[in-house]
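The values are calculated or read from the model by the stated rules, or taken from the named source; none is laboratory data. All figures in this text were calculated on a predicted structure; none of them were measured in a lab. Quick reminder, even Gly has a Cβ in these numbers, built from the backbone with ideal geometry, and neighbours come from all protein chains shown.
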Amino acid sequence: MKLVYDVNERPKFSKNLVFGFQQLLAIIAATMLVPVLVNAATGTELLSQAAALFGAGIGTLVYILFTKRKSPVFLGSSFAFISPLIGATAFGAFGIIIGAVVAGLVYAVIALVIHFVGTKWVDKLLPPVVIGPTVALIGLSLCSSAISNVTTAPTGEYNLICILVGLITFSVTVLASVKGTKGMKLIPFIIGIAAGYLAGSIFTVIGNLTDTAYLKIIDYSPIVNNFKPIEFASFIALPKFTFVETFDEIMNGTSAVKTFADVISIVVLFAPVTFVVFAEHIADHENLSSVIGHDLIKDPGLKRTVLGDGIGSIAGALFGGCPNTTYGESVGCVAITGNASVSTTVMTAFMAILLSFCAPFVAFVNTIPTCVIGGICIALYGFIAVSGLKMLSKVDLGESENLYVVSAILVTGIGGLVLNFGSVEISSIATALIVGIIIKLIVGKKKDAKEETIEK
């Protein structure tokens, strides 16, 4: 495609402000949803939406530096790490940081291996027949959480009004993405959240006027409390950074990370999922390469993009707790607008950092009802699942070898097979990935040996 702005071109500052804000709208919903979902699932407040947004901005800037300003993509909170983050909350903020560091170090090790060995091993260890169904599992494993959010009222009870609002959110998101204008297709999640929030507000107002608790699905207290009393902190507030929470835990002796076994438990939560995210990393950069007409796998090179992603993830998680990943929404923004300027990506990152200090915006995010979040999640989790299935389009399922690999991954993953070694537990997704790799390696060797025999 013909680009309006190439990677190294810089739009005028006034235009770049508009372009940067446009890309921010494309990524902000997903970035801030991760801490919301983790907190909702665990009943804690360990992760902060504002801090996650700040961390995404920092992580993106680190990534841009490592890739020599050649890759115009934003790094945001990764949905793939939701399950590990939920598990890590049992170990407090320190456990979350350990997990994020582990994820980043796995990326660093992969980058080091690529530097010395090349990339052929990646294709052999993580072919589409293994990665496709595993990525699909990430979305499928979170489906119950999405439905629970849609059907449950703030009181914890089943609520038909919440279901209606959740379905409105989902429907508007789909319509904006499929039938909307170019601008609407860029921010379907924002439009969906706005529609769901409006619908929820209408029901809540009616509920307040008629004193009907069943209709009161939005709690406005975060906004009210933010401006009571009105002071400077009502408008500007320091995000709740994860490294500060970790420091407090260590200094106060309240850290839940007590033994080496605890550390190992956190490692096995995050490390296997990182390989899945690594596969998504490759897919995103291949897609972006085709959009900008420049092979990013060769220049700046896969080792740099992987290392930038890993170090950026660590840097971002120190502030926001959420490991980052390259965003498909950001790639889509480049494709739709024709603006591949890295300076726009940098502008987006700085906007994310500044907005994280805006207390009214953060307070508003906290009032979004879970049913609206659930409606968005139906689309998000479904998208993740379908992305994995799309990878399987390159796989010949007529081959029995491939069929068995996919079957084993899906059955063990959906069935919830976990491996327990004392206090260490390997999640169902990680177990499914391990099973898939082992079967593929065994079947692949047998197939290769058979082919060699036939040739002789």
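Here are some residues: ILE429, ILE434, ILE439, ILE414. Which one is at pLDDT 75 or above, surrounded by 14 or more Cβ atoms within 10 Å (Cβ to Cβ) and in contact with a Phe, Trp or Tyr (Cβ under 7 Å, 6 or more places away or on another chain)?
Just one listed residue meets the conditions, ILE439.
Looking at this structure, is GLY398 of a type outside the set (A, V, I, L, M, F, W, C) and touching an Asp or Glu at 6+ places or on another chain (Cβ under 8 Å)?
No.
Please indicate, with yes or no, whether at least one residue in the range 357-373 is at pLDDT 85 or above, over 28 Å from the mean Cα position of the chain (by Cα) and assigned to a helix (DSSP H, G or I).
Scanning the range 357-373, I find no residue that is at pLDDT 85 or above, over 28 Å from the mean Cα position of the chain (by Cα) and assigned to a helix (DSSP H, G or I), so the answer is no.
Which of the helices (runs of 4 or more DSSP H) contained wholly in the range 13-102 include at least 3 residues that are hydrophobic (A, V, I, L, M, F, W, C), farther than 17 Å from THR246 by Cα and over 16 Å from the mean Cα position of the chain (by Cα)?
13-42, 49-66
Check THR367, THR337, THR326 and return the single one that is surrounded by 23 or more Cβ atoms within 10 Å (Cβ to Cβ) and among the polar types (S, T, N, Q).
THR326
Could you pull out the residue among LYS216, LYS240 that is over 23 Å from the mean Cα position of the chain (by Cα), at pLDDT 75 or above, crowded, with 19+ Cβ neighbours inside 10 Å and basic (Lys, Arg)?
Within the list LYS216, LYS240, the selection yields LYS216.
Considering each residue of the range 66-96, count those that are out of contact with any Leu (no Cβ under 9 Å at 6 or more places or on another chain) and free of Cβ contacts under 8 Å to residues at least 60 places away in the same chain, and give that number.
Residues in the range 66-96 being out of contact with any Leu (no Cβ under 9 Å at 6 or more places or on another chain) and free of Cβ contacts under 8 Å to residues at least 60 places away in the same chain: 0 in total.
Any idea which of (1) within 27 Å of PRO11 (Cα to Cα); (2) modelled with pLDDT of 90 or more is the one LEU307 doesn't satisfy?
Here LEU307 clears every test but (1).
Could you tell me whether GLY139 is assigned to a helix (DSSP H, G or I), in contact with a helix residue (DSSP H, G or I) (Cβ under 9 Å, 6 or more places away or on another chain), surrounded by 20 or more Cβ atoms within 10 Å (Cβ to Cβ) and modelled with pLDDT under 85?
yes
Can you name every residue in the range 65-88 that is surrounded by fewer than 23 Cβ atoms within 10 Å (Cβ to Cβ) and modelled with pLDDT of 90 or more?
LEU65, PHE66, LYS68, ARG69, LYS70
If a residue must be among the acidic types (Asp, Glu) and either without any contact (Cβ under 8 Å) to a residue 12 or more places away in the chain or not in a helix (DSSP H, G or I) (or both), how many such residues does the range 287-328 contain?
Number of matching residues: 1.
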